[in-house]
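Report on one structure; see the data block that follows.
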Amino acid sequence: MGRRRAAEDARRAREFEAFVAGAAGRLLHAATLLTAEPPDVNPRARRLLTLSLAHTYASWHRLRGEDPYDRARQHLATRFARTAWHQYGGLGTLGRSRPHPDSPLAGLSPQERLILVLRLYEGVAEEQVAALLGLPRERVHAICDRATATLLHPPRGPARPVLGAKAVAP
C-alpha cells in the first residue's frame, strides 16, 4: 500500500510540474496585470501566483478531467478579489490598491482590472466571469465596457504649462 501511494504521489508531482512549466508564465502575466505592477518587479503578482498554484496542487487529485489551467485561473481571480476586498475596502474602490503609476491599468479599480483581464486577456465568457464574481452578466458587460473606454480614452488632467513660454502682459 505504501509503494502504491508513493507512486501516485510521484506521478501527481510530475503532472503538476509539467502543468506549471507550461502555464506559469501566462498565469504570472495575468497576475501582473491584475496587480498593475511592472513585469520585472512584481512581488504581489508572484505571491498571488504562488498561492493559486499551491491551491491548485492541493486539489490536483480532485480535478478528474477538469482543465487545471481553468482551476488555477479561478483561484488566481478569487484570491485577487478577496485580497482587494479585505485590504482596500472592496473591489470597486478606485486607486486605493496603489498600482504602479506607469502601468496602463493603473487608472482602473481592482474590479475593473479583474474583469478586463479575465474577459480580454484570458478570453473568459461574460457568463463565467459573472458567476465567478457573483455579479449579473449585464454588470460585467458594463464594467468591461467602461474599463475599455478608460484605457482607450484616459481622463485628461489639468493642462500642463508649456516650459520656456513667457507670460505676455496685456
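The values are calculated or read from the model by the stated rules, or taken from the named source; none is laboratory data. These numbers come from a predicted model, not from an experiment. Positions of Cβ are generated from backbone atoms using ideal geometry, with glycine treated the same way; all protein chains shown enter the neighbour counts. Surface accessibility is based on the protein's heavy atoms, side chains included, excluding ligands, DNA and RNA. Shrake-Rupley method; radii C 1.70, N 1.55, O 1.52, S 1.80 Å.
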Is there a residue in segment 3-14 that is over 25 Å from the mean Cα position of the chain (by Cα) and surrounded by 12 or more Cβ atoms within 10 Å (Cβ to Cβ)?
-> yes
What about L63, is it open to solvent by less than 80 Å² (accessible area, probe 1.4 Å) and modelled with pLDDT of 90 or more?
-> no
Subset of segment 105-128 that is closer than 16 Å to Y69 by Cβ and of a type in the set (V, I, T) - its residue that is surrounded by the fewest Cβ atoms within 10 Å (Cβ to Cβ) = V124
Does segment 69-78 include one or more residues that are loosely packed, with under 15 Cβ neighbours inside 10 Å and at pLDDT 90 or above?
-> yes
Within the set of pairs 6 or more residues apart or between chains, which connect a residue that is of a type in the set (D, E, K, R) inside segment 118-134 to a residue that is in a helix (DSSP H, G or I) and open to solvent by 60 Å² or more (accessible area, probe 1.4 Å) with Cβ atoms less than 6 Å apart?
-> E126/R137; E126/H141; E127/R137
Any idea which of (1) open to solvent by 30 Å² or more (accessible area, probe 1.4 Å); (2) assigned to a helix (DSSP H, G or I); (3) under 26 Å from S103 (Cα atoms) is the one P39 doesn't satisfy?
-> (2)
The number of residues in segment 15-36 that are buried (at least 22 other Cβ atoms within 10 Å of the Cβ) and not hydrophobic (A, V, I, L, M, F, W, C) is 2
